[in-house]
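A short write-up of the structure that comes next.
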Amino acid sequence: MAYRQTFIWMLLVLAVRVQAGSQEAGAPGQRGSAHEHGVSELNVAVIGDVIEVSLMSPSINLVGFERAASSKAEIEAVASLKKTLESADSLINFGAAKCRNISATVDVGSLLDRDEAGDVHSHSQSHDHGERHEEKHYDVSAIYQFQCAAAAKIAFLKVDLFDAFAGIQEVNVLWLTEIRQGRKVTSAKDRKVVFE
């Protein structure tokens, strides 16, 4: 039952995102949900005493490159990224609601080049400059669940991703509670999202 309720709330978050994006289509200076360097997306759904959060970001914002890791240092950077993203309590703050992260699923798979056995390896590629290459976007995602002592009393969240990742300049936050919904573009100087 709880998973069904979570699924319904996440669908509502998606509906809010689509509606907000369609209202802003073509508006100069407005941000959409397209892959944009420096911009990350955060969806938040408050469901009873649980908060579901999903994060999506171009990899360049988080590790400084946008391709499969090709050196030992890059592979180590991806492993460090995954560890940092799994520490959600240091990235998202719910203030006095006393929330703790109970689940974190982080996907950095697009950054790791794996062989058929699943082993990560590095390689170098040479390309003929006459070839035409398709641009590929490398995104990282994370899904979190927070258990809160007083989720119904949550007044705000603070986005602390800026402290961990210098490549993030903005985080587009879409949020939904049982009685309200909204959106806000946050930055390192304005990182608080008030649920009102």
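The values are calculated or read from the model by the stated rules, or taken from the named source; none is laboratory data. Please read these numbers as outputs of a predicted model, since none were measured by experiment. All Cβ positions, even for glycine, are placed from backbone atoms using ideal geometry, and neighbour counts span all protein chains on display.
Please go through region 162-196 and pick out each residue that is of a type in the set (A, V, I, L, M, F, W, C), touching a helix residue (DSSP H, G or I) at 6+ places or on another chain (Cβ under 9 Å) and surrounded by 17 or more Cβ atoms within 10 Å (Cβ to Cβ).
165, 168, 171, 174, 175, 176
Does residue 43 satisfy being in a helix (DSSP H, G or I) and either modelled with pLDDT of 90 or more or farther than 19 Å from residue 180 by Cβ (or both)? It would help to see each step written out before you state the result.
Details: in a helix (DSSP H, G or I): no; either modelled with pLDDT of 90 or more or farther than 19 Å from residue 180 by Cβ (or both): yes.
It is false that residue 43 is in a helix (DSSP H, G or I) and either modelled with pLDDT of 90 or more or farther than 19 Å from residue 180 by Cβ (or both).
Which residues, taken from region 141-172, are within 20 Å of residue 108 (Cα to Cα) and among the small types (Gly, Ala, Ser)?
Matches in region 141-172: 141, 142, 164, 166, 167.
Residue by residue through region 46-65, note down the ones that are surrounded by fewer than 19 Cβ atoms within 10 Å (Cβ to Cβ) and either among the hydroxyl-bearing types (Ser, Thr, Tyr) or at pLDDT below 90 (or both).
Those that are surrounded by fewer than 19 Cβ atoms within 10 Å (Cβ to Cβ) and either among the hydroxyl-bearing types (Ser, Thr, Tyr) or at pLDDT below 90 (or both): 47, 48, 49, 54.
Mind checking which residues of region 43-63 are farther than 12 Å from residue 140 by Cα and not polar (S, T, N, Q)?
44, 45, 46, 47, 48, 49, 50, 51, 52, 53
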